[in-house]
Amino acid sequence: MITKELVDRINALARRQRTEGLSKEEKAEQDQLRQQYLKGIRGQVIDALSNIKFVEDGPASCGCGEHQNHGNNSCGCGHPPHAAHKHQHGQNGSCGCGGHHHGPKDVKH
């Protein structure tokens with residue numbers, strides 16, 4: 001575990017190394033403290049990575065609960081996918097379907 005005392009001692013030894021040099025015992029202590037510090041950092045990274053939640057692409061993958069066919073070029077308005085038809089989103093980014101949209105406003109499909 002990384003504590004303030006650990007970091008303070010590592011920093012004190014580093015300052016002393018730059019100014020006066022370290023004895024063999026202090027060098028050994030410095031190496032041991034650095035390894036302890038790195039072990040703590042690795043543990044924090046592993047903990048952070050193990051808490052990542054992966055979300056698959058698919059319906060409602062953004063979590064908004066509003067999409068019928070999210071990811072399939074459809075806004076859920078019931079029209080065929082936008083690549084196949086030509087309706088235009090208005091000033092507020094809506095195609096008039098009442099669905100929830102992501103992305104730039106005034107997108108022409």
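The values are calculated or read from the model by the stated rules, or taken from the named source; none is laboratory data. Keep in mind that what you see is a predicted model, and the values were worked out from it rather than measured. Cβ sites come from the backbone with ideal geometry, for glycine too, and all protein chains shown count toward neighbours. Note: accessible area is taken over every heavy atom of the protein model, side chains too, but ligands, DNA and RNA are not part of it. Shrake-Rupley method; radii C 1.70, N 1.55, O 1.52, S 1.80 Å.
Over the stretch 1-51, accessible surface divided per residue gives 80 Å², non-protein components excluded, 1.4 Å probe.
With 0.36 nm allotted per residue and the present C-alpha distance subtracted, the residue 5-residue 35 stretch has 9.3 nm of extension available.
Under the simplified labelling scheme, the residue 42-residue 14 pair shows an inter-label distance of 2.0 nm, with each label point 7 Å from Cα along Cα→Cβ. Full extension of the chain between residue 27 and residue 49 gives 4.6 nm of extra length, using 0.36 nm per residue less the Cα-Cα distance. Rolling a 1.4 Å probe over the protein chains gives residue 27 an accessible area of about 90 Å².
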